[in-house]
Amino acid sequence: MSRSMNNQELAQLLRAISAAYEVKKENRFKIIAYDRAAVAVEHATSEIKDLWDDQKLMSLPGVGPNIARHLDELFRTGKVGHFKQVMKDLPPAMFELLHIAGIGAKTAYRLCQDLKLKNPKTVVNKLIKAAKQGKIASLEGFGEKSQADILESLEEFKRGQVKKKRMTLPYADAIAQEIIDYLKKSPSVLQADPLGSLRRRVATVGDIDIAVATKKPAEVIDQFINYPKKKKLIEKGPSKASILLSGGYQVDLRVQKPEAYGSMLQYFIGSKHHNIHLRELALNKGLSLSEHGIKKRGKLTEYATEKAFYEALGMALIPPEMREDMGEIEAAQAGKLPDLVEIKDIKGDLHLHSSFPIEPSHDEGADSMETMARKAIELGYEYLGFSEHNPSLSQHSEKEIIDLLKRKKEITEQLNSSLNKFTQKTNKKPINLISGLEIDIRPNGELAYPEKGFEFLDYAIASIHSSFKMNRKKMTARILRALEHPKVRILGHPTGRKLGEREGYELDWERIFTVCRQKKIILEINACPDRLDLPDVLVREAVKSGVKMVINTDSHALDQMKLMKYGVSVARRGWAEKKDIINTLPWEELRSILNL
DNA sequence: GCCGTTTTCGGCCCGACTGTTTTCAGTCG
């Protein structure tokens, strides 16, 4: 029997059915239904196969009795008779073309049919050849321009645009800021904001979206499309424009007059699904929503702020990080929006790598404890935990390791008292330094640190840095074993993912959450922008399960201590409140949580 | 095909831009 499909593949299958229906001019709501089911599958927080095992397919919004029945057949037998029927007289190659920018179901079908392309494996190359021979332009409904556009998209696709590159947040922040600074040089730009996924603080950003409030839209659009780093103009109209930057990143601009800027912010922050849900809801009240405002019986009302826009719909302003149609609209209607944690609530950082010569198994920090501690004072923190990697086991005797940690604890204590004299003298908040360790969890779940050394640690973070490819059952057992040690208070970067590099490992989260709750283990939200781990969806699950979390920067250099805000965004996207995050607690309360 | 504190039947988000067209279809977000 073949391996069952993962969520991504399933979503693709459902999209293919939607496309097939589109070509066949089926009821358009049926087409939309399959698209929605595909979205639901993509957004699911667990494997659909597991949902099927538990007979919970219909719990997915957008999956009803029919699609559930088809998926059931798929998991049982490996194929779906109905799907086969639907796709029977369509060229298989057309589904490959759906991945090409600018080609939808209808175009894909026409091209494959008219040019007699059948094989999905060769269709891209054959179509490139056809375009170069001018065969596309001569088809009815196509022309020279569309032929050139298709050719370009195909070649981009071949160059590896399959996996569209996504930016980490700080990178996207920097690009957006540069463009905004550029736009603001024009006096016509009254206000400019980065929106879209960047504003929602999604872990990785595809396109950069910018909105501008102006009374002279044409001028702003012109200014935008003349951005010096523009590589190519994608589109330009009176109210929006898109350009491509040299890195291959797309920037979309929308302009709006100041009186209606609130509606534009709401529209352009998205997410698309949040907006669709909101519009459906509005429709029930006889209202029609758009980026221009709210229409009632054909009469448009404009909104200068988002707050006014949401209030007109009978709900409080929903924080952008929550706008993913994951229940936030219902919560807002019920007046039950959470009071999300903020950067100003953060009172310390418990995961830092100083340059203390600990001879670690992995990379050492670049800056001294003192430098980092002084930075923490500047940030207004009440505490700081140094948790370098454990000394490498192979290079040291047990005694050497214990001596190193003994020494580190002494130095931490000395620094603590000297800095307290400093804070007292300068009238600053006192800082409390603690000495911990980030200990590797070995493949068998043992901690890479001698038992006798634990008395010289204030606390330990346990993390996985090797043997990532382990199945869910083994990996869960490995981690649970490590969490048995009483000094292990924190599970570091719990999924091990590296954005754009590797997926996280699979874990039985229900069990992990249960153990964390019982043993009061704290899950880390690692703020390092290429980790952001726990991921937001799991933060949400953790919050629901009553598991506490800590937001740490995992700084290996002074400069990284400022990245805390990225971890806070993840927490906010997971609906975490102050009470869910332990490093919002004052020092005395934190102490008791860490058993200090 | 899905879905429901105004519905289990009768609805289903909204608008912008482009290319190929003489009024619109396709694609996108």
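Every number in this text was worked out from the coordinates using simple rules, so none of it is lab data. Because the structure is predicted, anything quoted here is derived from the model rather than measured. Note that we place each Cβ from the backbone using ideal geometry, even for glycine, and neighbour counts take in every protein chain shown.
Quick notes on this structure:
- Between A:I441 and A:S463, A:I464, A:H465, the built amide H atoms are under 5 Å apart, and every one of these is 5 or more places off in sequence or on another chain.
- Within-9-Å neighbourhood charge of A:P586 [Cβ basis; K, R +1; D, E -1]: -2
- Nearest 10 degrees, 0 to 90: helix A:144-156 Cα axis against chain A principal axis: 30
- Cα Rg over Rh - chain A, Kirkwood: 1.01
- For A:L313, no residue whose modelled amide H falls within less than 5 Å of its own remains once neighbours fewer than 5 places apart on the same chain are excluded.
- Unit charges on C-beta of K, R, D, E only; dipole of segment A:333-389, Debye: 340
- 222 nm mean residue ellipticity, helices alone, for chain A (DSSP H n ≥ 4; -39,500 (n - 2.57); rounded to 500): -12500 deg cm²/dmol
- With a threshold of 26 Å on the Cα-Cα distance, the over-threshold entries among A:K56/A:K565; A:K126/A:K240; A:K118/A:K158 are A:K56/A:K565; A:K126/A:K240.
- Those lysines that a straight Cα-Cα span of less than 23 Å connects to A:K562, excepting residues fewer than 8 apart in one chain: A:K344, A:K347, A:K375, A:K428, A:K429, A:K498, A:K548, A:K578, A:K579
- The relative contact order of segment A:424-514, computed from alpha carbon pairs under 8 Å that lie at least 6 residues apart in sequence, is 27 percent.
- For chain A, with +1 on Lys and Arg beta carbons and -1 on Asp and Glu, the positive-most of A:I582, A:L183, A:V570 along the dipole: A:L183
- 20 °C / 1.002 mPa s Stokes-Einstein diffusion coefficient of segment A:266-329, Kirkwood radius on C-alpha pairs, µm²/s: 182
- Charge dipole magnitude, Cβ of K and R +1, D and E -1 - chain A, Cα centre, debye nearest 20: 1920
- For segment A:1-42, applying the loop criterion from DSSP together with a ceiling of 16 other beta carbons within 10 Å to the trypsin sites (Lys or Arg not before Pro) yields A:R3, A:K24, A:K25.
- The relative contact order of chain A, computed from alpha carbon pairs under 8 Å that lie at least 6 residues apart in sequence, is 8 percent.
- Reducing segment A:509-570 and segment A:327-360 to their Cα centroids gives an inter-centroid distance of 8 Å.
- Folded to 0 to 90 degrees: helix A:105-114 orientation relative to chain A principal axis, Cα: 50
- Annotation for segment A:77-166: GluC sites (Glu not before Pro) lying in DSSP loop with at most 11 further Cβ atoms inside 10 Å of their Cβ are A:E140.
- Antiparallel bridge percentage (DSSP; both residues within chain A; nearest 5): 50
- You can think of it this way: the chain between A:K498 and A:S290 has 71.2 nm of extra reach, that is 0.36 nm per residue less the Cα-Cα gap.
- For A:K24, the aspartates and glutamates whose Cα falls under 15 Å of its own Cα, not counting residues fewer than eight places away in the same chain, are A:D89.
- Under-5 Å amide H pairs with A:Q191, H placed in peptide plane, nonlocal only: A:A213
- Among A:470-476, A:527-533, A:447-453, the peptide with the highest mean count of other Cβ atoms within 10 Å heads the list, and the full ranking is A:527-533, A:447-453, A:470-476.
- Helix axis angle, A:472-482 relative to chain A longest principal axis, alpha carbon, degrees: 20
- Once C-alpha pairs closer than 8 Å and six or more residues apart are averaged by separation and normalised to the residue number of segment A:312-455, the relative contact order reads 22 percent.
- From most to least packed by mean Cβ count within 10 Å, the peptides A:329-336, A:514-521 give A:514-521, A:329-336.
- Radius of gyration (Cα atoms) of segment A:1-87, expressed as a multiple of 2.2 N^0.38 Å: 1.01.
- Scalar couplings 3J(HN,Hα) for segment A:59-67, obtained by applying the Karplus form with A = 6.51, B = -1.76, C = 1.60 to θ = phi - 60°, are 6, 6, x, x, 9, x, x, 5, 5 Hz; x denotes Gly and Pro.
- Ignoring aspartates and glutamates fewer than eight residues from A:K473 along the same chain, the ones with Cα atoms less than 18 angstrom from its Cα are A:E47, A:D50, A:D53, A:D54, A:E446, A:E484, A:E503, A:E506, A:D508, A:E510.
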